[in-house]
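Structure first, commentary second.
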Amino acid sequence: MPLTMAEVMQVIQRYAPKGFVPKIGMILGSGLSALAEQISNPVSIPYQAIPGLQSGSIVGHASLLVMGYLGEVPVVCLRGRLHLYEGVSYEAIRILVRIVKNLGCNIFIVTGAAGSMREEAKAGDLMMITDHINFHPGNPLVGPNDESIGPRFVAMENAYDNGLQEVMVAAATKLNILLHKGVYISTLGPSFETPAEIRAFKQWGADAVGMSVVPEVIIARHCGMRVACVAAITNAAAGLSKEKLSHEGTLQFGEIAARKLTKLIPEFIKGASALYF
């Protein structure tokens, strides 16, 4: 018998504080876990303690589900993500995102590291994602559809919610944080892209490239959550600079971007809460 979300949530509720209903969920990418350290009264669940999940194997991903408060807002934070290139299935990623929805969240903040294809968006900068191109070898919704979770066919015109984009821009403006805007293209990884691929992606209209984000956004939209996404620019994409691409570089510049995110996201949450809750 396949695992059901009811079985998963039984385990989550054993850990959750009594009466805890988060309003906003978030997932933190490579080098961005510092934001989770701002959460007060945290309760953490290792991914491997959740049915259907496993710990991630990538440095910079803690593999913890954290429940607590940012300011006065109850949140759930996925501290580290699971990637297809690690050999995990789409099912594991679906479980992670749907836990956030089942706990009560209507807004999902996605973060991740990305390579920039725009000269003005440099390592250490932030880019708000406004749309995406799915270059993963598949879609996380392939297979039987559970109508109790979401519809068979999901519209993606407003995948990155326009109203939340306005809130994010207002938060960045208030904090005087440079916030680029752009289209994200997802690749499978774990190899970085070739210069030829980057040239092709630029022609398609992509501004940033990474190995995640898109599956989680599709799953979040399928179950009805509104999505906001900010990418930490960690490098210029292949062939656009003399720097050699590495995961160490991703973590280094991810930490620089994280200092901005640790200010931006709480301000965004404050603004989103005032508007939508």
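Counting every alpha-carbon pair across the range 129-277, the share separated by more than 22 Å comes to 48%. Partner aspartates and glutamates whose Cα lies under 20 Å from the Cα of LYS270, excluding those fewer than 8 positions away in the same chain, are identified as GLU37, GLU72, ASP161, GLU166.
Each of the trypsin sites (Lys or Arg not before Pro) that DSSP puts in a loop and that has at most 16 other Cβ atoms within 10 Å breaks the chain; the longest unbroken stretch is 19-121.
In plain terms, the chain is cut at each of the GluC sites (Glu not before Pro) found in a DSSP loop with at most 15 other Cβ atoms within 10 Å, and the longest leftover piece is 158-242. Among residues other than TRP204 with Cβ under 15 Å from its Cβ, the summed charge is -1 (Lys and Arg +1, Asp and Glu -1). Loop-located chymotrypsin sites (Phe, Trp or Tyr not before Pro) across the range 120-169 with a Cβ neighbour count of 13 or fewer within 10 Å are PHE153, with loop assigned by DSSP. A straight Cα-to-Cα reach below 19 Å connects LYS122 with the aspartates and glutamates GLU193, ASP207, GLU243, GLU248, GLU255, residues fewer than 8 places away in its own chain not being considered.
Each reported figure results from applying straightforward, stated rules to the coordinates on display, with no laboratory input. In this text, all values refer to a predicted model and were calculated from it rather than measured experimentally. Please note: Cβ atoms are built from the backbone with ideal geometry, for glycine as well, and neighbour counts cover all protein chains shown.
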